[in-house]
Each structure stands twice: as C-alpha cells, then as structure tokens.
2 protein chains.
Amino acid sequence: MTEHKQDSRGRIVEAANRLFYIKGYNQASFADVADEVGISKGNLHYHFRSKDDLLDAVIVLRTKVIEQNLARWDEQYSNPKDKLKRFVQMLLMEEDGIARYGCPLGSLNMELGKSQRELRDRSREMFDLFQRWLEKAFKQMGYKNSLSLSNHLLSMAQGAALMTFVYADGQLLKDECDRIHEWIEGLDN
Amino acid sequence: MTEHKQDSRGRIVEAANRLFYIKGYNQASFADVADEVGISKGNLHYHFRSKDDLLDAVIVLRTKVIEQNLARWDEQYSNPKDKLKRFVQMLLMEEDGIARYGCPLGSLNMELGKSQRELRDRSREMFDLFQRWLEKAFKQMGYKNSLSLSNHLLSMAQGAALMTFVYADGQLLKDECDRIHEWIEGLDN
DNA sequence: GTCTATAAGAAGATAGAC
DNA sequence: GTCTATCTTCTTATAGAC
C-alpha cells in the first residue's frame, strides 16, 4: 500500500483500459500491457494475479468514470431533455475513437458475451448505469414506458456506433446523432 | 475434387460458420472446428491451409446465403416498403440466435475490425450487400438520401441486435422491431 | 516491488505414414 | 483424404533472485 504501488497499479489499469479498448480483451495479451506500462510481465503479475483480475480493475475504473460523468451531468442539467441531449453529445465527442475502435461498452460486451458469461455480467453493469440514468430522465418527463424508451435510446446509440465503426466513417455517426437529436426534440414533456 | 472431398469441405465450412458465430472467430480454435466435424486437425489443414482461409470460406458461404435471400425477397416483393419490412422480419426470425450470440454480421465485424484490418474488409462486404439492397428500395420510393436512410435502417437493426444480446432478452428485439416497423409505415412513398 | 527465468498449456501449422 | 506425431510460437502464470 505504498505510494509506488499505487502509482504502478494506476498506470497498469489505465494502460490495460486503453489496450483492451483498442485491441479487444482477448487480443490484448498480458505482455502487451506490461510493455505498454514499461514493466516486466512478472511485475504485472505481482499487481494482478490473473488477466481476469486485471479486467475487473478496468471495469471498476470505467464504472467510476461513468458514474462521475452522470453525476456531473445531473448537476449541470436539471431539464431531462437536456440530459438526453448531453448523452448524445458524448457520442459525438468520442467520434474518433468510435470510428477506430467502436463503442467501449458495446464492443466489450459483444466480445465477453460470447462464451465468457462470468465476465459478461460484470461488463453489462456498465450498461445498467446508463440505462437507469436515461430511464430516470424519461420518467421525469412523465413517460410510463421509461425503461423501453431508455433501451430505445441506448439501442440507437449502439447502432450508430457500430455502423460508424464498421465503415470507419465519422459522418455516419454525425448523421445518426442528428436523427437521435431530432427524436429527442420531438418528445412530449 | 472427388465427391468425398466436396462433402468434407462443405461440412467443415458449415461447422466453422456455426462455431465462429457462437464462440467468435478468435475464440473458436482449429481444434474446435475439427472436433465439431469429427475429423483430425491434420485433415482440417488438408482442406484449409490456414484459419484465415477457413474464415474466407465461411464468408463466401454467408455471402451466398445473403445474396440468395435478397434475390428471393426481390422476387416475392415488388413494393419497396414490403422489402424494408421483410428485412425487419428477418431480425425477428433470428430472435433466439441474436439473444444468445448477437447479430452474425455485427459481431464478426466488431471482432475483426479490431487489429485485424485485412479480415475486416472481407467481413464488411456482407454489410455492403444489405446496404445496397436497402438503398435501392429507398431510391425506388423516391428518396434522394437513400444511402443515408439505408444506413439508418441498418443502424437501428444493429442497435436492436446488440441491446438484445447484451441483455439476452428477446423482448427488447420485439420492442425495437415494432418501432422500426412504425418508422417504415410512416415513410412517404 | 521489480526483475529474469521458466514452467505449462494452447494454438496454428507442418511432415510423413497409411 | 485422413490420420498421428511433432514443431513453433504465443500466452498465462509461477518461482526465486535482487
């Protein structure tokens, strides 16, 4: 629990987070992460018993970031429609990464969902954070089917991200985000 | 080019197609495919020099199936709106598979797109088939932005499939397909 | 905490017998 | 065409020195 250990651990998790996103969890090896951080594989194993352990730490980090963002948006926007729009804005800000590597949430869930069901559940919890936050906004607007609307918005966002990635074309994301934006504007509240 | 070889080859490609879908390309090993078919790894290598070769054959098979379906739909439906609806109906018919393993096209593209760019292009061509077919339908309806509309429909379909997979919930697919269906009904033509 | 060395296993691929 | 045996490389993980 010394300062150095904390520093190393943090740097490892950040590097793993980056590599798992860029290459995918299964395609990013322990050695890749160690190289990225500039330490040995043996040292990496001192900090994380297994690769799954490392993924767990990455998910904890991502979860923390998501929760911080949602909390900040709650502070900045009281109008539920503004909250929905802020969600869409996030996509546009991530245009480059999405076009290159896809949505961090969607791609991780897609990868882990296949034949790695234990890890899938941990990964899905990040989706739940957005799902519940958006659901709350729709409920605030007076919708009874707020969960379905939340899933619909998530669905449109994921579809936009996937198509943007497949064609590696940021314009696709802009077009879809425009449509989502119009859809939000047209909602009753 | 004997009868036996053709039989084996066909069975191998079908098994690989199934396993690549269920486990993902990188997670399905050569040995897995050989076991599934009931032959040895060595024999599998006689038919396919490399795993990438095998994937290529799988993509050729999938491409053929897609082209056959699109051609059949063209015969069965002359009204472009009916064509769009038939596309959505395909999703509903694949509900079980999508909830368990995701969309075959979307998941393969997502997986290969990350750090395997050569294979990505081959995989993307399957998307192109649907993209062009849908675009033609929108053009037939008199839309000038037919490509954008085609991408939008693909985007909604992919989003629906991904959310359905993440939550392993077929109801999600039904809800989203209802929305897509309404969207199609509301189009001018 | 960090390193080197090494084990143990899986994966893709080849060689050669039948 | 199909098999067994083998090779090589990669990957995860451990052991032990510093």
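Some values worked out for this structure:
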item: Some residue of segment B:60-78 being over 30 Å from B:Asp188 (Cα atoms), in contact with a Pro (Cβ under 8 Å, 6 or more places away or on another chain) and either within 16 Å of DNA strand D (Cβ to nearest atom) or not aromatic (Phe, Trp, Tyr) (or both); result: yes
item: Residue check for B:Asp53: within 14 Å of chain A (Cβ to nearest Cβ), over 14 Å from the mean Cα position of the chain (by Cα), without any contact (Cβ under 8 Å) to a residue 40 or more places away in the chain and assigned to a helix (DSSP H, G or I); result: no
item: Any hit, segment B:65-73, residues being within 14 Å of chain A (Cβ to nearest Cβ), within 18 Å of the chain's Cα centre (by Cα) and without any contact (Cβ under 8 Å) to a residue 40 or more places away in the chain; result: no
item: Positions within segment B:27-50 being more than 10 Å from DNA strand D (Cβ to nearest atom) and either in the same structural domain as B:Tyr101 (by TED's automatic domain parsing) or assigned to a loop (DSSP other than H, G, I, E, B) (or both), in sequence order; result: B:Gln27, B:Ala28, B:Ser29, B:Phe48, B:Arg49, B:Ser50
item: Enumeration of residues in segment A:3-46 that are more than 8 Å from DNA strand C (Cβ to nearest atom), of a type in the set (Gly, Ala, Ser) and away from every other protein chain (no Cβ under 14 Å); result: A:Gly10, A:Ala15, A:Ala16, A:Ala31
item: The lone exception for A:Asp82 - which of (1) at pLDDT 95 or above; (2) over 22 Å from the mean Cα position of the chain (by Cα) it fails; result: (2)
item: Selected residue (only one of A:Val13, A:Val65, A:Val60 is surrounded by 17 or more Cβ atoms within 10 Å (Cβ to Cβ) and of a type in the set (Val, Ile, Thr)); result: A:Val13
item: Single residue of A:Ser123, A:Ser155, A:Ser148, A:Ser107 found to be within 11 Å of another protein chain (Cβ to nearest Cβ), more than 15 Å from the chain's Cα centre (by Cα) and not charged (D, E, K, R); result: A:Ser148
item: Helices (runs of 4 or more DSSP H) fully within segment B:95-189 counting 1 or more residues that are in contact (Cβ under 8 Å) with a residue 12 or more places away in the chain and in contact with a Pro (Cβ under 7 Å, 6 or more places away or on another chain); result: B:117-140
item: Segment A:158-189: number of residues that are of a type in the set (Val, Ile, Thr), at the interface with another protein chain (Cβ under 9 Å from one of its Cβ atoms) and closer than 21 Å to A:Phe130 by Cα; result: 1
item: Exclusive hit being modelled with pLDDT of 95 or more, loosely packed, with under 15 Cβ neighbours inside 10 Å and among the acidic types (Asp, Glu), set A:Asp52, A:Asp35; result: A:Asp52
item: Any hit, segment B:13-25, residues being away from DNA strand D (no atom under 16 Å from the Cβ), outside the structural domain of B:Gly159 (by TED's automatic domain parsing), among the aromatic types (Phe, Trp, Tyr) and assigned to a helix (DSSP H, G or I); result: yes
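The values are calculated or read from the model by the stated rules, or taken from the named source; none is laboratory data. Note that this is a predicted model, so its numbers are computed, not measured. For neighbour counting, all protein chains shown are included, and Cβ atoms are generated from backbone atoms with ideal geometry for every residue, glycine included.
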